[in-house]
2 protein chains.
Amino acid sequence: MTERIREFLRNRREDGPCLVVDLEVVRDNYMAFARSLPDSRVFYAVKANPSPEVLSLLASLGSSFDTASVVEIEMALAAGATPDRISFGNTIKKERDVARAFELGVRLFAVDCAAEVEKVARAAPGSRVFCRILCDGAGAEWPLSRKFGCEPSLAVEVLEHAHRLGLEAYGVSFHVGSQQGNPQAWDQALASAAGVFRACAERGIHLSMVNLGGGFPAKYLRDVPAVETYGSSIFEGLMRHFGNAIPETIIEPGRGMVGNAGIIEAEVVLVSTKSAEEDIRWVYLDIGKFGGLAETMDEAIRYPIRTPHDGDEMSDCIIAGPTCDSADVLYERTPYALPVSLAIGDKVLIEGTGAYTTTYSAVAFNGFPPLRSYHI
Amino acid sequence: MTERIREFLRNRREDGPCLVVDLEVVRDNYMAFARSLPDSRVFYAVKANPSPEVLSLLASLGSSFDTASVVEIEMALAAGATPDRISFGNTIKKERDVARAFELGVRLFAVDCAAEVEKVARAAPGSRVFCRILCDGAGAEWPLSRKFGCEPSLAVEVLEHAHRLGLEAYGVSFHVGSQQGNPQAWDQALASAAGVFRACAERGIHLSMVNLGGGFPAKYLRDVPAVETYGSSIFEGLMRHFGNAIPETIIEPGRGMVGNAGIIEAEVVLVSTKSAEEDIRWVYLDIGKFGGLAETMDEAIRYPIRTPHDGDEMSDCIIAGPTCDSADVLYERTPYALPVSLAIGDKVLIEGTGAYTTTYSAVAFNGFPPLRSYHI
C-alpha cells in the first residue's frame, strides 16, 4: 500500500470494486530488473497488465515487450515501442496473425513445433525464431502445464527446420513457472538450453539467445526473494552451463513487474454462517473469481487482505465472490483468518493485484461489469 | 446442430470464434418446461444467457425471470417483463441494490441468513422472501459448494425473523446442483423443504412457495433424461412430502433452457506433439477457458466437438485454448478423442454452448476480444 493509492482511495466515491496501480512502483520494479540483470533485455509480459499507462511508462524507460496477440502488439506500438522491441511470444498463432505482426514490423517469434515454424517461414520470412523447451515448474505457485514448449531433443529438430526454411534460428526459451519462489529454478532449464545450443552447433547452427522467461514473483502473503537474488543466481547458472560463451539473454517479467504495484478495494457484502452450530463464517465480497480474481482458481494465489479491523481478534472464514455461481469461492479448502469484527459494508484492500486481474475479469457475468482500474 | 445454425455459419466470413444460438430451440425448451411442470411458474435464470433476444422471446412466451443483480433486473424489464415476474434470486446483495430493485418494482427476494433479511426489511419493506436451504448436490456435474443456503433448521429462524420484521415469509428454495443427471435428486430436498414448512407452521407462519431451483441438464456428450421425466419425478416428490397441501412452485432453468440451443464455431490453431516419442497430440483452438469455455474448469463440463473429419480414425488429444496461460487447457486429465486427420485451420463445432459461455468470457485476456454471439 502506497501513500498515493491511499490518497486516491480516500477521494473515491463510486460503488463497486476497483484496482488502483501506482506507476511509481512499476518504475521501481523496472529499475530493479534492469539493475539486477544488467546484461538482459527486459521484455515486459503485456498480458500481466496491458493498461496504456503501464505500457507507456515502460516504453519510455526502454523496456521491450513480450506479446500474446496482434492486439497486444498494436498496444505496445501505440505506447511508443518500436517493432524491434516486440516479441510475438505466443507459441500458438494463427498464420494470418503472424502475417499481420510481420506487416507491423515484428521480426521475433516463439515456436515450439515444426508446424509453427512453417507458419512463420511462410508469413514472416527471414524472421528470428526461438524455440520454447519444457521445464518442470517445481517451486511455482501458478500451475505450469506442458501446454507450451517441447522436449529439448525435439527443439533441436525444430530449430534446424527453421534454419532450413530460411528463418534465423535465434535461440531457446523456457519458463520456470509463474510466481517461482526458488531462484535456483533457472539452473536446470539453463542446463537444458545449453544442451540445445551444443546440439545445434554440431549441426552448424549457431544460436545466439536464451529467453529466461518470467516467473519472478510478486509478494503476496509470503515473503519472496529480492530480484537481485534471482539476478545473481541466474548469472551463476549462465556461467556454469555456458562457460565463457554466455549468450544474449531476455527476461519476460509480468507479475514481478506490476503485481505488487496494485491494490483492489472491495466491499464486504455479507457475513453469515450456515447453521447455528457452525463457527466458520462465510465472508462475501463484491469481487470474486469472475470479477478479476481468476488466479484464486484452485486457491493458487493467496492475496493479502487488509481490513479496517486489523489487530482485532481473528477467526477463520471462507471467502467468496458475489455471483450466483457456486464455483465463485476464493478460499475454502484453506480458510482465511479475518477479524471477528469484520462487518457488512466494510471496505477491504486486496494487495498484490496489479497483475492478472483486470483482463481476466468476465465481460458481464451475472450482470456485473468488468473490474474498473486506475493507474496513477 | 440445427439447419438454421448451419446456414448462418455457411455465410459467416469473420475471423475468430463465435456462438450461434437458435431461438427456435429456446422456444421449444420453454414449451417443454411449461408442459412438463404445468403447475410451476418458470423463472428463467438470466445469468445463463442474458442476450436481449433470448430475454425478449421468453418474456413474450410468458416466462418470469430469476436475476442475480440490478443490471439483470433492468435487462429483464427492458425485454418486456413486468416487475411481478422478476425474482432477485441472489442471496448476496448490497443493501443499495435491494433498494434499487424495490424502486424498480421487484417484490421477491432470496435470503439465506438473518443479516440478508434485515437488508430486505429495511430496503424493500413488506416484500416476499424465500430462504434457500442447503442441499448436497450429488449427481450434479458442475460443483455445488455450500456457498448458497443454510441448514434447514436455521432457515426456520431466518423466515421467522423475516416475518417479525414485516416481510412476507413466502417459502423455501434449494438447488440440486447444475447439470443434475438424476431426476430423483429433488426428493431429498423436497423432504427438507416440507420440514421447514411444518416447523414454520408450528410457529404460526404459513409458507406458500417452494422454489425448485434449476439443475435441469443440457445434453452434452451423454444423454440426459427428458424434461418430462424430471417433471413427473418432482410431482411425485411434492405429493410424497406435502400430501394434499402442495405449495406453489417455481423452477429456475438456465442451462436446461438455452444450453442445447447454442453452438460455438472455433478454429484449430495448432496441432503438435511434445516430443518425437509421445503419441498424444495437443490440439489448440482459438477459444479456451478465458474466451467463454470457463465451465471446462476442472474438466467439469465436457462439450461434444464436431469436426470436418468425423468418421475418420480417432486418437486421444489434449485440447487447449489460445492464450499464454498454462491453466488455459480444456481437457487433459481425461484426453479427448478427435480424428487423426484434424488439421490446422479446420473449423470445429462445440455443441451445447448456449448457456454459461458469453458472459463468462474474459474482457480482454491476452488481447483476445470476448466471445462474439449471434441469436437467430
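No lab work stands behind these numbers, since they all come straight from the coordinates. Given the structure is predicted, the values throughout are model-derived calculations rather than measurements. Note: ideal-geometry Cβ built from the backbone for every residue, glycine included; neighbour counts use all protein chains shown.
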Practice prompt. Would you mind listing the distances between the B:A343 label point and the same position in each other copy? Use 7 Å along Cα-to-C-beta, nm, one decimal, shortest first.
Written response: 6.8
Worksheet entry | Alpha-carbon Debye profile of segment A:125-205, log10 I(q)/I(0) at 0.10, 0.13, 0.22 Å⁻¹ | -0.26, -0.42, -0.95
Practice prompt. Among A:I264, A:I344, A:I318, determine the one that fluctuates most according to a GNM of chain A built with springs between C-alpha atoms less than 10 Å apart.
Written response: A:I344
Worksheet item: In the structure displayed, which of A:K94/B:K93; B:K47/B:K119; B:K93/B:K347 lie more than 31 Å apart, Cα to Cα?
Response: A:K94/B:K93; B:K93/B:K347
Discussion item. Suppose we consider the axis relating copy A to copy B; can you name the residue of A with the nearest Cβ and state that distance in angstrom as an integer?
Written reply: A:V363, 2
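Place the peptides A:251-257, A:98-104, B:333-339, B:39-45 in order of packing, highest mean first, counting for every residue the other Cβ atoms within 10 Å and averaging per peptide. If you can, show how the numbers build up before the last one.
Numbers: A:251-257: 28.0, A:98-104: 18.7, B:333-339: 14.3, B:39-45: 22.6.
Per-residue mean Cβ counts within 10 Å order the peptides as A:251-257, B:39-45, A:98-104, B:333-339.
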Worksheet, complete the sentence: Of A:F216, A:F88, A:F242, the most mobile residue in a GNM of chain A (C-alpha springs, cutoff 10 Å) is A:F242
Worksheet, complete the sentence: To the nearest 10 degrees, the tilt of helix A:185-202 (Cα long axis) against the first principal axis of the alpha carbons of chain A is 20
Worksheet item: Which distances, shortest first and in nm, link B:D39 to the matching position in the other copies, using label points set 7 Å out along Cα to C-beta?
Response: 8.2
Discussion item. Using Cα-Cα distances under 8 Å and only pairs 6 or more residues apart, what relative contact order does chain B have, in percent?
Written reply: 19
Worksheet, complete the sentence: In debye to the nearest 20, the charge dipole size for segment B:260-375, taken about the Cα centre with +1 at each Lys and Arg Cβ and -1 at each Asp and Glu Cβ, equals 380
Worksheet item: Which of A:E74, A:E24, A:E202 moves the most in a Gaussian network model of chain A with Cα springs under 10 Å?
Response: A:E202
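Looking only at other chains, what is the average number of their beta-carbon atoms within 10 angstrom of each beta-carbon in B:270-280? Before the final figure, lay out each step's value.
On the way: counts 10, 2, 11, 5, 10, 8, 5, 3, 4, 0, 1.
Mean inter-chain Cβ contacts per residue within 10 Å come to 5.
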